[in-house]
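Student: Please see the structure below; I have some questions.
The values are calculated or read from the model by the stated rules, or taken from the named source; none is laboratory data. Quick caveat, the model's predicted, so the values are computed rather than measured. Cβ atoms come from the backbone with ideal geometry, glycine included; neighbour counts cover every protein chain shown. All accessible areas refer to the heavy atoms of the entire protein, side chains included, with ligands and DNA or RNA removed. Shrake-Rupley method; radii C 1.70, N 1.55, O 1.52, S 1.80 Å.
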Amino acid sequence: MSLRNSVARATGSAAAGLSRLTGRGSGTTVGGRVTLMLDPLALRRAAAGRDIALVSGTNGKTTTRTLLVAALETRGRVASNGGGANLPTGLTAALTGDRTSPRAVLEVDEPYLPQIIDTTRPRAVVLLNLSRDQLDRYAEVSRIATIWRKALADVPVAVGNADDPLVVWAASGAHETVWVAAGQRWTDDSTACPSCGSVLVRTTSSKDVHWHCPSCGLSRPTPQWMVEGRTVTAPDGTSYDVQLSLPGEVNIGNAALAAAAAMTWGVTPAAAFEAMAAIPSVEGRYLETTIGGRPVRLLLAKNPAGWVEALEMTRPGLPVVVAVNARAQDGRDPSWLWDVPFEVLQGREAVATGERSRDVAVRLRYAGVEHVRIDDLSDAVRAASPGPVEVLANYTAFQGYRRVVRDG
Amino acid sequence: MADALQIALVFPSLLGTYGDGGNASVLAQRLRWRDIDAEVIDIAVDEPLPEQADIYVLGGGEDTAQTLAVSRLSGLASVVQRGAPVFAVCAGFQILGETFLDARGATHPGLGLIDCHTNRLAGSRAVGELLGLPVVDGLDAPLTGYENHGGHTVLGPDAAPLAKVEAGVGNGEGVDGAVQGSVVATYLHGPALARNPALADWILAKVAGPLAPLDDTEEEELRRERFAALRRGRFRKQWRPPARDS
Ligand SMILES: [Zn+2]
């Protein structure tokens, strides 16, 4: 190791320690940033010689990474990046903080995927989905698909969601592709063919979503991995009843993608699903806890597609707290609230909260959902009728609830 | 429901990037709350544009979606000719003009229903809160919303602006939007009509006549909060029109 590299890492660790002391986050991102500034090659060096899988996509990165780590840990230690630190700095911190694990599973923020593929030379890349997310900060969805497509041509194995046309178009250039029928509830960002711009034709049956482009012929590839309810069928035809502790059909799809990636490392689906079943929550997501003496379950949703999934996960009849902020990490513009079908909450009790609770209240009013608006996150939970409460929050509002849980 | 007022939401899967479909919901709900039957019709991209809807709503969309939408919207000309209100936001505004820029940055002919041309804004995209003072008859309440676009729209003599810009960019000429005949267009989303119930009612009155007032307490609270946020200057410096004479 060069002197420059080791100095860079030592300084990075010191900065991470300082960041933790001053209470500005978990420290991982600041540490990585200093390391990268001092040595731009730090990430390349830390990744060299390791067997790496990357996970990217608009929704499900953290959960799928966690599921894949669990599956691969049946074979030994795995380095990974937690705490939402999925930018180059966070990846650098994760890999320089664990120099010995021979394998790494890294979740990557979508726009950075090409750069990280170039830097870390992954063996496999898992591609979940692409939909609108914080459009005031990031490039349009189709532009991300375009830069992905270029970068994925250099990847040995792409494990992709066959139900998302943007993912299929982006991933089909990889040397080897493994397609998983992981599902797509949100189709509004893939109306037009990513290849030629014509209108895609979708035919949905109870079993499958087929799609194709009548102009250029881009079409849903035949998936090697099928998902039907809780049943996942592997390429050899064996079906597995996947029992996750995590809720939601979407997570069965994520588990199938993770199992498909794990199999490229020789982990059997049975072993992979068994390891995944034990995960109760993912960095606070799906966590069952209490707030103000009330039993709550915390669900994170960061964009319309995520909200559709989270609303589907709520247990019928329970009061729902909708907590929304619009800080930089959330996107400053909460107009996506109007893309979310809050009408499904009609007849249920709802509480609007978070820094943009007034936007939520107006949205619920037009959705015909009875609601109250409460500024404070804890008070919002207490405002609901006695009994368990479902809390749905976007990114920084969710972090707010995690602090409430931690600090009591 | 045969005589329900029909609000056509045009190609929501193409034009609706910023929750703009909410504008159609707001129009319909504000009629229903006044005991006027109303329905929103989602027009899919492979469907023909209905000829006889009462109001047409277009939202924003990505560059590729814009050209696709234009190719399927020739029917909008007869809608405008018979005087049915068309409310268009952001990219929906741009495609109604004479020309706009396509995904490659080339000038693309629009539908020619608004006398305007859209080019690229100099510098970075216009992203942030937009505040305008209406300059059209019968509309007084300040217009609030969020904008996110790279378009610089220059109005010709046949189009009048919707509002004078107090904060934000709008068309990039010190004004926002356009009004021409029955067409009303703006760069405001948020969606615009949820944050501006007076604008919603101003459009509705064109088809439903004089309207009874509604209890808009929650909308007013949201508007006050947004105005206060602008005053705190939390979002960005206020836009200043470029000095023309010097
Ligand atoms: Zn095509």
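Conditions tested, residue by residue: (1) more than 21 Å from A:Ala145 (Cα to Cα); (2) surrounded by 19 or more Cβ atoms within 10 Å (Cβ to Cβ).
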{"site": "A:Ala53", "(1), (2)": "no, yes"}
{"site": "A:Lys61", "(1), (2)": "no, yes"}
{"site": "A:Gly83", "(1), (2)": "yes, no"}
{"site": "A:Thr100", "(1), (2)": "yes, no"}
{"site": "A:Leu106", "(1), (2)": "no, yes"}
{"site": "A:Glu110", "(1), (2)": "no, yes"}
{"site": "A:Arg121", "(1), (2)": "no, no"}
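Student: Here is a list of conditions, (1) aliphatic (A, V, I, L, M); (2) in a helix (DSSP H, G or I); (3) in contact (Cβ under 8 Å) with a residue 40 or more places away in the chain, and A:Val296 meets all of them except one; can you say which number that is?
Tutor: (2)
Student: List every residue pair whose Cβ atoms lie under 9 Å apart, where the two residues are 6 or more positions apart in sequence or sit on different chains, the first residue falls within the stretch A:372-383 and is outside the structural domain of A:Glu349 (by TED's automatic domain parsing) and touching a residue at least 40 places away in the same chain (Cβ under 8 Å), and the second residue, located anywhere, is assigned to a loop (DSSP other than H, G, I, E, B) and surrounded by fewer than 20 Cβ atoms within 10 Å (Cβ to Cβ).
Tutor: Going by the 9 Å Cβ cut-off, there are no qualifying pairs.
Student: Between B:Gln81, B:Gln52, B:Gln29, which is among the polar types (S, T, N, Q), surrounded by fewer than 17 Cβ atoms within 10 Å (Cβ to Cβ) and closer than 24 Å to B:Leu211 by Cα?
Tutor: B:Gln52
Student: Scan the stretch A:224-237 and tell me whether some residue there is in contact with a Ser or Thr (Cβ under 7 Å, 6 or more places away or on another chain), within 16 Å of the ligand (Cβ to nearest atom) and open to solvent by less than 50 Å² (accessible area, probe 1.4 Å).
Tutor: no
Student: Which residues, counting only those in the stretch B:142-186, are open to solvent by 30 Å² or more (accessible area, probe 1.4 Å) and assigned to a loop (DSSP other than H, G, I, E, B)?
Tutor: Within the stretch B:142-186, B:Pro142, B:Pro157, B:Asp158, B:Pro161, B:Glu173, B:Gly181 qualify.
Student: Which one of these does B:Val70 not meet: (1) modelled with pLDDT of 95 or more; (2) not in a loop (DSSP other than H, G, I, E, B)?
Tutor: It is condition (1) that B:Val70 fails.
Student: Something else about it: Filter the stretch A:193-222 for residues that are more than 14 Å from chain B (Cβ to nearest Cβ) and touching a helix residue (DSSP H, G or I) at 6+ places or on another chain (Cβ under 9 Å); which is farthest from the ligand (Cβ to nearest atom)?
Tutor: Ranking the qualifying residues of the stretch A:193-222, first place goes to A:Pro221.
Student: Return the residues of the stretch B:197-222 that are within 11 Å of chain A (Cβ to nearest Cβ) and out of contact with any Pro (no Cβ under 8 Å at 6 or more places or on another chain); say none if nothing qualifies. Working first, answer last.
Tutor: Here is the first cut: in the stretch B:197-222, the residues within 11 Å of chain A (Cβ to nearest Cβ) are B:197, B:200, B:214-222.
B:Pro197, B:Ala200, B:Asp215, B:Thr217, B:Glu218, B:Glu220, B:Glu221, B:Leu222, listed by residue number.
Student: I've got another one for you. For the stretch A:342-363, which residues satisfy the criterion of being within 18 Å of B:Leu27 (Cβ to Cβ) and either of a type in the set (A, V, I, L, M) or at pLDDT below 95 (or both)?
Tutor: Here is the first cut: in the stretch A:342-363, the ones within 18 Å of B:Leu27 (Cβ to Cβ) are A:342-343, A:362-363.
Passing the criteria: only A:Val362.
Student: Taking only pairs six or more apart or across chains, which ones have beta-carbon atoms under 7 Å, a first residue in the stretch A:396-408 that is closer than 12 Å to A:Val296 by Cβ, and a second residue that is open to solvent by 30 Å² or more (accessible area, probe 1.4 Å) and of a type in the set (S, T, N, Q)?
Tutor: From residues that are closer than 12 Å to A:Val296 by Cβ, the pairs are A:Val405/A:Thr289.
Student: When the residues of the stretch A:175-189 are narrowed to those that are more than 9 Å from every other protein chain (Cβ to nearest Cβ) and more than 22 Å from A:Asp236 (Cα to Cα), which ends up nearest to the ligand (Cβ to nearest atom)? Even if it seems obvious, please write down each step before you answer.
Tutor: Of the stretch A:175-189, the ones more than 9 Å from every other protein chain (Cβ to nearest Cβ) are A:175-186.
Pick out the ones that are also more than 22 Å from A:Asp236 (Cα to Cα) and you get A:184-186.
Details: A:Gln184: 17, A:Arg185: 22, A:Trp186: 20 Å.
Applying the filter and picking the extreme gives A:Gln184.
Student: Would you mind finding the one in A:Val321, A:Val362 that is outside the structural domain of A:Asn59 (by TED's automatic domain parsing) and without any contact (Cβ under 8 Å) to a residue 12 or more places away in the chain?
Tutor: A:Val362
Student: Go through (1) modelled with pLDDT of 95 or more; (2) open to solvent by less than 30 Å² (accessible area, probe 1.4 Å); (3) at the interface with chain B (Cβ under 9 Å from one of its Cβ atoms) one by one and return the number of the condition A:Ser335 breaks.
Tutor: Failing condition for A:Ser335: (1).
Student: Condition test on A:Thr89, is it open to solvent by 10 Å² or more (accessible area, probe 1.4 Å), on the phi < 0 side of the Ramachandran plot and in contact with a Gly (Cβ under 6 Å, 6 or more places away or on another chain)?
Tutor: Taking the combined requirement at face value, the residue satisfies it.
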